[in-house]
Amino acid sequence: MSKGANHNSGSVAAAVSAAEQPITAGGTPATTEVIRHLYVHIPFCARICPYCAFYKDLLDRSKTWRFCEAILCELEQHQSARRIGDRRSSLNPCTIYFGGGTPTALNIAQLELLLRGFHEKLELSQLVEWTIEANPGSVSARKAALLKKFGVNRISLGVQSWDDELLKLLGREHNAQQAEESFRILRDAGLTNVNVDLMFGLPGQTVDQWRATLERTIALGPEHVSTYCLTYEEDTEFFLRHARGEFRQDSDVDAEFFEMTMAILEDAGYEHYEISNYARPGFESVHNRAYWLGKDYLGIGPSAVSTIGMQRWQNVCDYRAYINRVHSGESTRTTSENLTHEMKRTERIALGLRTCDGISASELKDFAQETDELIGLQLLRKSNGNLVLTRKGKTLADSVAGAFL
């Protein structure tokens, strides 16, 4: 369930134009720069949630070993491809993010195979953050100890709600008690950087239920909290139910949930550093911040997206096809595009405005009239040469960004 969505990113060299970027036989841009951010997609889930639009598939124990071997094989192929003459570009990550799906749906032996393989194939001396997404139903003391042993130092726990009826609606395999037990297992294993994922705007969810969820989360004391408003994504069961009129979305109620979230979490000492993300000081997601800053990143696994220089591509969204392609030496790509400077600018604005740092005023110098109007409406404010969303502006973030796109 990667968000992603969950940063002190390492320095990444300036983008190289696609025309200047040699392409290897495997389809990887053979840039001579170091890739600092690595995403790994593990699509398996014990149960398919009816709202989730990320690529996922039911766990098939007969395929998971070969899948794990394919992940390590693709990693090795990228390492081998990053050479031009006597110049070398390596995967020397400062962040690794295992998303899904549910990475912890793998058994202990498979997780160990992956974690050990990453240690053997990568230079990890500069690694500062290794995140793995986990669902409460797939957390155990042995798995938590294994993650800790191999250097995973950040867990994103998909709680979503502390209300058992809402969890049933969401198709989750855990209940609130199991979620709390999972959190305590992680703590007992010595994991000191835990994110709790939550959702609001759910069908039938009340303001009191959401307040109780936030308060119970705060009582546990996670270092990071991510809160997402439910969206009805195509190709999901919830989308069909919304189209049939079974579920309705009320933007005014969603705004009330959002404003309550800001007030309660900020009062509890969490910094609202990105529209959907709150952290204790020093616990902002390094990996996600790299995305928001437009840094290069490499995606491994089925459906994973990579952006390096002025190129972006996505792996095939089928783990069986992915396994076959990797083991046969074929390219795992299914789509690719050459980015333009205008596309990069648009992304910088859209993502930058979502963060507490905002966007440089110089980036918006051609939008002086729009900027003045938004400042007059108290949706934007100036801060240290940047334009930053006000509290009111955060509730209309997409509309504000749309004025510049």
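I'd like the full set of residues that are at pLDDT 70 or above, charged (D, E, K, R) and touching a strand residue (DSSP E or B) at 6+ places or on another chain (Cβ under 7 Å), limited to the stretch 70-88.
Glu74
How many residues, within the stretch 379-405, are more than 20 Å from Asp366 (Cα to Cα) and open to solvent by 40 Å² or more (accessible area, probe 1.4 Å)? Full working, then the answer.
Let us first name the residues in the stretch 379-405 that are more than 20 Å from Asp366 (Cα to Cα), namely 390-396.
With the extra rule that they be open to solvent by 40 Å² or more (accessible area, probe 1.4 Å), the set shrinks to 391-392, 394-396.
Adding up the residues that qualify gives 5.
Quick one: in the stretch 16-38, of everything that is modelled with pLDDT of 50 or more and touching a helix residue (DSSP H, G or I) at 6+ places or on another chain (Cβ under 8 Å), which residue is least open to solvent (accessible area, probe 1.4 Å)? Break it down into steps so the answer makes sense when it comes.
Of the stretch 16-38, the ones modelled with pLDDT of 50 or more are 33-38.
Going one step further and asking which of them are touching a helix residue (DSSP H, G or I) at 6+ places or on another chain (Cβ under 8 Å), we end up with 36-37.
Details: Arg36: 32, His37: 2 Å².
Looking at the filtered set, the residue picked out is His37.
I'm trying to understand the selection: among the residues of the stretch 325-342, which are out of contact with any strand residue (DSSP E or B) (no Cβ under 8 Å at 6 or more places or on another chain) and either open to solvent by less than 60 Å² (accessible area, probe 1.4 Å) or assigned to a loop (DSSP other than H, G, I, E, B) (or both)? Steps first, please.
Quick first cut of the stretch 325-342, residues out of contact with any strand residue (DSSP E or B) (no Cβ under 8 Å at 6 or more places or on another chain) only: 325-331, 340-342.
Those that are out of contact with any strand residue (DSSP E or B) (no Cβ under 8 Å at 6 or more places or on another chain) and either open to solvent by less than 60 Å² (accessible area, probe 1.4 Å) or assigned to a loop (DSSP other than H, G, I, E, B) (or both): Val326, Gly329, Glu330, Ser331, Thr340.
If I filter the stretch 140-157 down to residues being of a type outside the set (S, T, N, Q) and in contact with a His (Cβ under 9 Å, 6 or more places away or on another chain), which single residue comes out as farthest from Arg116 (Cα to Cα)? Before you say what the answer is, go through the steps one by one.
We begin by selecting, within the stretch 140-157, every residue of a type outside the set (S, T, N, Q); these are 141-152, 154-155, 157.
Now narrow it down to the ones that are in contact with a His (Cβ under 9 Å, 6 or more places away or on another chain): 150-151, 154.
Details: Phe150: 7, Gly151: 10, Arg154: 17 Å.
This residue is Arg154.
Identify all residues within the stretch 358-377 that are under 21 Å from Ile275 (Cα atoms), within 30 Å of the chain's Cα centre (by Cα) and assigned to a helix (DSSP H, G or I); write none if there are none.
First, pick out the residues of the stretch 358-377 that are under 21 Å from Ile275 (Cα atoms): 358-361, 363-364, 371, 374-375, 377.
Those left that are additionally within 30 Å of the chain's Cα centre (by Cα): 358-361, 363-364, 371, 374.
Within the stretch 358-377, Ala361, Glu363, Leu364, Thr371, Leu374 qualify.
Can you give me the ranges of the strands (runs of 3 or more DSSP E) entirely in the stretch 259-324 with at least 2 residues that are buried (at least 20 other Cβ atoms within 10 Å of the Cβ) and aliphatic (A, V, I, L, M)? Working first, answer last.
Numbers: elements: 271-274, 277-279, 298-300, 305-308, 311-315.
Qualifying strands (runs of 3 or more DSSP E): 298-300.
Name the single residue, out of those in the stretch 161-215 being among the aromatic types (Phe, Trp, Tyr) and within 27 Å of Asp252 (Cα to Cα), that is surrounded by the most Cβ atoms within 10 Å (Cβ to Cβ). Write out each step before concluding.
Residues of the stretch 161-215 that are among the aromatic types (Phe, Trp, Tyr), as a first pass: 162, 183, 200, 210.
Those left that are additionally within 27 Å of Asp252 (Cα to Cα): 162, 200, 210.
On the way: Trp162: 23, Phe200: 23, Trp210: 27.
So the residue we want is Trp210.
Considering each of Gly158, Gly151 in turn, give the residue that is open to solvent by less than 10 Å² (accessible area, probe 1.4 Å) and under 25 Å from Ala290 (Cα atoms).
Numbers: Gly151 fails: open to solvent by less than 10 Å² (accessible area, probe 1.4 Å).
Of Gly158, Gly151, the one residue that is open to solvent by less than 10 Å² (accessible area, probe 1.4 Å) and under 25 Å from Ala290 (Cα atoms) is Gly158.
The values are calculated or read from the model by the stated rules, or taken from the named source; none is laboratory data. Computed from a predicted model, the values in this text were never measured in an experiment. Please note: Cβ atoms are built from the backbone with ideal geometry, for glycine as well, and neighbour counts cover all protein chains shown. Surface accessibility is based on the protein's heavy atoms, side chains included, excluding ligands, DNA and RNA. Shrake-Rupley method; radii C 1.70, N 1.55, O 1.52, S 1.80 Å.
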